[in-house]
2 protein chains.
Amino acid sequence: MKQQDVFKAMADPTRRAILKRLQGGALTAGEIGAAFEITGASLSHHFAVLKRADLVRTERRGQYIVYSLNSTVVEDLARVLFDLFPNRGGRAGDKS
Amino acid sequence: MKQQDVFKAMADPTRRAILKRLQGGALTAGEIGAAFEITGASLSHHFAVLKRADLVRTERRGQYIVYSLNSTVVEDLARVLFDLFPNRGGRAGDKS
DNA sequence: GCAATTATTAGATAATTGTCTAATTATCTA
DNA sequence: TAGATAATTAGACAATTATCTAATAATTGC
């Protein structure tokens, strides 16, 4: 997990919205884009960032490209956050 | 919690390092700065971002200003992340 | 093969951001 | 009150980034 890439990816509201949309299951780039006002090119840029952070996985299916969540990476991120703050009952990722 | 401010704040490695340093307890601006190569002015900028995100609290003590973590906000953030990803055993912030 | 569809890549531009130096504010102490 | 110390604010600048239009790539179906 490239921490910096993940944090950077999560810092943009559009990308968080994309992740949110993928909660319900895998979607094609077009299906995701339908919910946003920005161009497909901009969307592609965001997809690239999310992929670089390993937050989503892609699979080509015919002319479509299907995106799906990679939950584990964001779980890792959540663990990092918990670790940043001690004295809270030692849950996920308890290193001490 | 202003989600966007928090995510933006966490996106910078210097700011994450500052939070990390504060794990051991409250520190003055100068004590924190001693660990970084950047100028005090740049540090101040980062402090401002962290404060806007409500990730740190400040208290003036004489000529010093003391910074401390505000754990709850980052815990909230971690919860948001967990919520982004369903089907993982429903822990913190379980909304469903 | 060719047109249509889906998506990405290339290149340009405006906005944001991290950094710096210089100036300012707040506090302490002699 | 004056000087020293701690920290922030102001203003400038370079790097990054989100967005766009136009061009390119991959696939399907005629």
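Rule-based calculations on the coordinates, nothing more; no lab input. Quantities reported herein were computed from a predicted structural model and do not represent experimental measurements. Using ideal geometry, Cβ is built from the backbone for each residue, glycine included, and neighbour counts are taken over all protein chains shown.
Each label point is 7 Å from the Cα along the Cα-to-Cβ direction; what then is the distance between the points at B:I38 and A:T72, in nm?
3.3 nm
Just to confirm the numbers: B:T58, label point 7 angstrom along the Cα-Cβ line, distances to the other copies in nm, shortest first?
4.3
To the nearest 10 degrees, how steeply does helix A:13-22 sit against the main Cα axis of chain A, on a 0 to 90 scale?
Tilt relative to chain A: about 80 degrees.
Ranked from highest to lowest mean number of other Cβ atoms within 10 Å per residue, what is the order of the peptides A:52-61, B:36-45?
Per-residue mean Cβ counts within 10 Å order the peptides as A:52-61, B:36-45.
Give the relative contact order (percent, whole number) for the stretch A:3-80; include only Cα pairs under 8 Å separated by 6+ residues.
So the answer I get is 37 percent.
Describe numerically, in nm with one decimal, the distance between label points set 7 Å from Cα along Cα→Cβ at B:E59 and at B:T28.
The answer from the label model is 1.5 nm.
Taking amide H atoms as placed 1.01 Å from N in the peptide plane, list the residues 5 or more away in sequence, or in a different chain, whose amide H sits under 5 Å from that of A:T28.
HN-HN under 5 Å from A:T28: A:Y67.
May I ask for the net charge around A:T14, where only other residues with Cβ less than 12 Å from the Cβ of A:T14 are counted and Lys, Arg are +1 while Asp, Glu are -1?
Cβ neighbours under 12 Å give a net charge of +2.
Partner chain Cβ atoms within 10 Å, averaged over the residues of A:68-77 - can you pull that number for me?
Per-residue shielding by partner chains comes out at 3.
Using each residue's phi in the stretch A:56-68, evaluate 6.51 cos²θ - 1.76 cosθ + 1.60 at θ = phi - 60° and report the 3J(HN,Hα) Karplus result to the nearest Hz, with x for Gly and Pro.
With coefficients 6.51, -1.76 and 1.60, one gets 10, 10, 10, 8, 7, 10, x, 7, 9, 10, 9, 9, 9 Hz.
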